[in-house]
Amino acid sequence: MESVGYFSLYFIYYGISYFITKSLLTWFKGNRWYAPNFKGELILQSVGLLIIVHSAVYQILIHGYVFLFDDVLLKSLYDYQGEVLLFFVIITVMGLVGWIDDHFGDKEIKGLRGHFLTFIREFRVTSGMLKAVYGLAVSVFCSYFYQTSFLHWVLLAALMLFSIHFFNLLDVRPGRVIKFFWIFLFFLLPFVLVDALLYLLIPVVISTIILFQYDRQRIAMLGDTGSNIVGGIFGFFLITQASSFVQSVFLLLFVGLAVYAEKNSFTVYIQKNPLLSKVDRWGIR
């Protein structure tokens with residue numbers, strides 16, 4: 001398919017996804033999917049689920065194009081089906097676990113340490129503990145297909161797990177998760193292969209552009225549902241596309257930030273840093 005065909009497909013995808021988003025947000029309202037944001041305002045939550053819906057729509061569109069026009073170039077999509085399947089395993093599992101946390105989670109318990117201590121002291125499985133267990137399971141499972149040794153497997157699994165955790169930590173202010181996702185993708189983009197770019201990454205970016213409009217205006221929030229999904233997506237692209245050096249840099253960054261966040265606030269640090277504060281406020285209503 002010529003480049004004009006790709007752009008046409010993306011425009012169609014954007015239009016359909018935008019319409020679906022408007023319709024499903026109305027459905028969310030009808031089901032009272034509200035939660036207080038950082039200002040105490042009741043707004044729609046868990047709209048990160050729409051990333052799964054948007055991604056499914058794109059797969060239907062691109063497969064339909066192949067079926068109708070039998071484009072030779074796009075037949076490479078079928079060689080990429082393993083990665084597409086893993087992608088959907090990650091976003092579906094992590095999205096559902098995040099949805100449970102959004103709607104039934106223990107809001108008073110903070111940080112990984114808090115959830116683990118609750119489990120040890122009270123033998124109670126919190127929603128945060130559930131996220132950690134499923135995040136670990138998904139990370140171990142998906143990393144298996146890209147490992148070259150046991151140690152490499154452990155490192156890849158840790159990379160995805162800490163990616164999910166990092167984006168969860170960002171989910172305390174409007175637009176923050178999506179903006180950091182875009183910033184990190186900018187540095188990862190030179191390593192992304194064409195197949196991953198066309199079949200998965202560009203559709204995800206378009207999806208986040210749509211959702212950012214609601215997130216930044218405090219109409220709706222991604223919730224733990226969305227931060228789980230975004231973190232899983234970024235982790236997926238790290239383990240499947242990045243070089244070992246880039247993977248190592250991000251793993252050290254994520255681990256360091258996770259340790260920092262156990263006793264410190266990202267928000268306080270961002271507010272004190274002029275550049276980060278400006279980025280954090282950009283586009284926010």
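The values are calculated or read from the model by the stated rules, or taken from the named source; none is laboratory data. Because the structure is predicted, anything quoted here is derived from the model rather than measured. Here the Cβ positions follow ideal geometry from the backbone for every residue, glycine too, while neighbour counts run over all protein chains shown.
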Could you please give the count of residues in the stretch 38-73 that are under 20 Å from the mean Cα position of the chain (by Cα), surrounded by fewer than 16 Cβ atoms within 10 Å (Cβ to Cβ) and in contact (Cβ under 8 Å) with a residue 60 or more places away in the chain? 0
Residues satisfying the stated conditions in the stretch 212-249, i.e. part of a loop (DSSP other than H, G, I, E, B) and either within 15 Å of residue 101 (Cα to Cα) or of a type in the set (A, V, I, L, M) (or both): 219, 221, 222, 242
Filtering the stretch 152-175 down to residues that are aliphatic (A, V, I, L, M), surrounded by fewer than 21 Cβ atoms within 10 Å (Cβ to Cβ) and modelled with pLDDT of 95 or more, which residue is nearest to residue 217 (Cα to Cα)? 158
Name the one entry in 210, 270, 178, 229 that is closer than 25 Å to residue 81 by Cα, of a type in the set (Val, Ile, Thr) and at pLDDT 90 or above. 229
Looking at residue 173, is it assigned to a loop (DSSP other than H, G, I, E, B) and in contact with a strand residue (DSSP E or B) (Cβ under 9 Å, 6 or more places away or on another chain)? no
Go through the stretch 35-81 and count every residue that is more than 19 Å from residue 194 (Cβ to Cβ), assigned to a helix (DSSP H, G or I) and either touching a Pro at 6+ places or on another chain (Cβ under 8 Å) or at pLDDT 85 or above (or both). 9
The stretch 150-184, residues that are within 15 Å of residue 259 (Cα to Cα) and out of contact with any Leu (no Cβ under 8 Å at 6 or more places or on another chain): 164, 167, 168, 170
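Can you tell me which residue is nearest to residue 236 (Cα to Cα) among those in the stretch 248-285 that are of a type in the set (D, E, K, R) and out of contact with any Gly (no Cβ under 7 Å at 6 or more places or on another chain)?
Looking at the filtered set, the residue picked out is 280.
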Do we have any residue at all in the stretch 253-264 that's farther than 30 Å from residue 57 by Cα, in contact (Cβ under 8 Å) with a residue 24 or more places away in the chain and not in a helix (DSSP H, G or I)? yes
Please go through the stretch 142-188 and give me each residue that is of a type in the set (Gly, Ala, Ser), under 19 Å from residue 92 (Cα atoms) and in contact (Cβ under 8 Å) with a residue 24 or more places away in the chain, ordered by number. 143, 163
Can you pull out the residues in the stretch 267-280 that are within 14 Å of residue 175 (Cβ to Cβ) and surrounded by 13 or more Cβ atoms within 10 Å (Cβ to Cβ)? 267, 270, 276, 277, 279, 280
Evaluate the stretch 189-207: report whether one residue or more is crowded, with 17+ Cβ neighbours inside 10 Å, among the aromatic types (Phe, Trp, Tyr) and under 30 Å from residue 284 (Cβ atoms). no
Test result for residue 23, within 28 Å of residue 202 (Cα to Cα), at pLDDT 85 or above and assigned to a helix (DSSP H, G or I): yes
